[in-house]
Amino acid sequence: MLHKLRKYLLAPLIYTAAILLLFEEWLWHACKRLLARLPLLPFIARLETWVTSLSPYAALAIFLLPSLLLLPVKILALLSIAHGHPSLGLIIVLTAKVMGTALVAWLYGLTKAALTSLAWFVRWRDALLRFKDRMIAQLRATRAWQQVEAGMAALSASRRRWWSAWQQRWRKNGRGNWLMRVIKKYAAKRRDRR
């Protein structure tokens, strides 16, 4: 009886944790792909060069900076919720999460070489990643996680089918050719300016 009660009480938490972890993993990889395009901007390229040339402790300070900068934003979200604006507070928290994850993913990629030269950082990072992997392995073993993962896979497959059908309709109507001509002209003009 106690086992069943515990199972029913923990199920919502497991579903929530599964969704959050899958979202976090997706967000991390999406942000890395998106931010990989940033060096195309000259200012960002210079900034990246400067960050990668920093000493290990300066790189650590830069890497920890987003956490400190997001603290006032999170306090603002709590104040919004406390003053009767839960929707605004939730929007602030979600925006801060997305922006913070993007910034941390980008900075970690830039500072990884310097940070891994610090032995204590590598020990703590590896311990944290082992703990996270153990927790995720326990979550993945649950039925709730498997259901959420199956739902996410079905949603992703549905999105891919929709995108493929949309692209086919676009090409069939001739709009894709027009758009590609515009993109090629724009790219040629950019190359000529360089």
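Restricting to the stretch 101-120, and then to whatever is of a type in the set (Gly, Ala, Ser) and surrounded by 18 or more Cβ atoms within 10 Å (Cβ to Cβ), can you tell me which residue is nearest to residue 54 (Cα to Cα)?
My answer is 114.
Would you check if there is a residue in the stretch 71-91 being surrounded by 17 or more Cβ atoms within 10 Å (Cβ to Cβ), at pLDDT below 85 and not small (Gly, Ala, Ser)?
The answer is no, given that none of the residues of the stretch 71-91 is surrounded by 17 or more Cβ atoms within 10 Å (Cβ to Cβ), at pLDDT below 85 and not small (Gly, Ala, Ser).
Could you tell me which of the residues 96, 17, 30, 102 is under 25 Å from residue 152 (Cα atoms) and in contact with a Cys (Cβ under 9 Å, 6 or more places away or on another chain)?
Of 96, 17, 30, 102, the one residue that is under 25 Å from residue 152 (Cα atoms) and in contact with a Cys (Cβ under 9 Å, 6 or more places away or on another chain) is 102.
Among (1) surrounded by fewer than 16 Cβ atoms within 10 Å (Cβ to Cβ); (2) farther than 30 Å from residue 155 by Cβ, there is one condition residue 51 misses while meeting the rest; what is its number?
In the conditions (1) surrounded by fewer than 16 Cβ atoms within 10 Å (Cβ to Cβ); (2) farther than 30 Å from residue 155 by Cβ, residue 51 misses (1) alone.
Would you be able to say whether some residue in the stretch 100-108 is farther than 29 Å from residue 150 by Cβ, modelled with pLDDT of 75 or more, assigned to a helix (DSSP H, G or I) and polar (S, T, N, Q)?
no
The values are calculated or read from the model by the stated rules, or taken from the named source; none is laboratory data. Predicted, not measured: the structure shown is a model, and the values here were computed from it. FYI the Cβ positions are ideal-geometry reconstructions off the backbone, even for glycines, and counts take in every protein chain you see.
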